[in-house]
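Scroll down for the structure; my scribbles are underneath it.
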Amino acid sequence: MNVQWIGAAAENFRKGRPAGFVPQAIVVHIIVGSLGSADQHFNDPTASVSAHYGVGKSGQIHQYVQETDTAFHAGIVVRPIWSLIKPDINPNFYTVGIEHEGQPDDVWPEEQMAASAGLIGEVAARWKIPLDTDHVVMHRQIRATKTCPGSFIQIPELLKRVPGTGPKLVSATVTITVLSNLNLREAPSTTASIVRILPSRMIVSAKAYILGEPVRGNPWWYCDSVTGFFFWAGGTNLPTPPREV
């Protein structure tokens, strides 16, 4: 990924990690401000805080601290609910902190979601961190007096976007009748671009199906044999594929 090195004031992080400690989890934060404000704050020697990375709303990634060093991002522990927290050990010793541009109630743009997910995937691969909700956690799971990273982001949504993870296409030749006008989209999601409209009563051949965005409780989507684009299974005479994923 394209990561811009920014750095942090020497007072705001610790060189290295204590003996025996390596990154074992990733902590997700919200900046409560702009990416530029994080750049400035982490380079203020009086701040006493830092993170390893920051992710902007446009998908840009800034790095402040090397992953082999100890950033000061989650060291205060208050009524933790994180299942893997180590009692009486500073979480900074064994975590990587990733900040995100914005306010706690902001909707994260897709560019920011994708960049964050890609970064999480790369960090996890380097340190053999499992990609699950025990190892990628919110700051508030460590410090209950914080709302960080806010009300919008959910860790499973980030994990679904990590490249190489998530649902896979299942090959199956299926002949389907469209029950009403149905959008053919570039991806199995209502936010994906519409390629064209499949008219009611049209007979369509699908070459595969996949779990995508649930629509009215149905998450199944078909992949059109001709174009390779997707349409929602709930708008057809076969709302559930013929065999399970």
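A few remarks follow.
- This ranking places GLU213, GLU101, GLU157 by how few other beta-carbon atoms lie within 10 Å of each, fewest first, which gives GLU157, GLU213, GLU101.
- Relative contact order of the stretch 170-235, defined on C-alpha pairs under 8 angstrom at six or more residues apart (%): 34
- For the pair THR191 and ILE89, a Förster radius of 30 Å applied to the C-beta separation gives a FRET efficiency near 0.15, rounded to the nearest 0.05.
- Its Cα centre serving as origin, the stretch 170-235 has a Cβ charge dipole (Lys and Arg +1, Asp and Glu -1) of approximately 140 debye.
- Calculated on C-alpha atoms, the gyration radius of the stretch 170-235 divided by its Kirkwood radius gives an Rg/Rh of 0.91.
- Residues TYR222, TYR94 in ascending order of nearby Cβ atoms (within 10 Å, fewest first): TYR94, TYR222.
- Candidates HIS62, GLN103, VAL78 compared by Cα position along the dipole of the stretch 59-106: farthest toward the positive end lies VAL78, with charges placed on Cβ.
- Between the stretch 151-187 and the stretch 79-136, the alpha-carbon centres lie 24 Å apart.
- Over 22 Å (Cα to Cα) - which of LYS86/LYS146; LYS168/LYS207; LYS57/LYS160 fall in this group: none
- Residues ARG185, ARG17, ranked from the fewest to the most other C-beta atoms within 10 Å, line up as ARG17, ARG185.
- For the chain, the dipole from Cβ point charges (+1 on Lys and Arg, -1 on Asp and Glu) about the Cα centre works out to 640 debye, to the nearest 20.
- Residue separation of TRP5 and SER151 scaled by 0.36 nm, minus their Cα-Cα distance, works out to 49.7 nm of gained length.
- Taking every alpha-carbon pair in the stretch 3-160 and binning the separations at 10 Å intervals from zero gives 12, 45, 38, 5 percent.
- Local electrostatic count at LYS160 - Lys and Arg +1, Asp and Glu -1, tallied over other residues with Cβ under 13 Å: -2
- Against the chain, whose longest principal axis is taken from its Cα atoms, helix 110-127 shows a tilt of about 60°.
Since every read-out is calculated from the coordinates, none of them should be taken as a lab result. Since the structure is predicted, the reported quantities are computational estimates derived from the model, not experimental observations. Cβ sites come from the backbone with ideal geometry, for glycine too, and all protein chains shown count toward neighbours.
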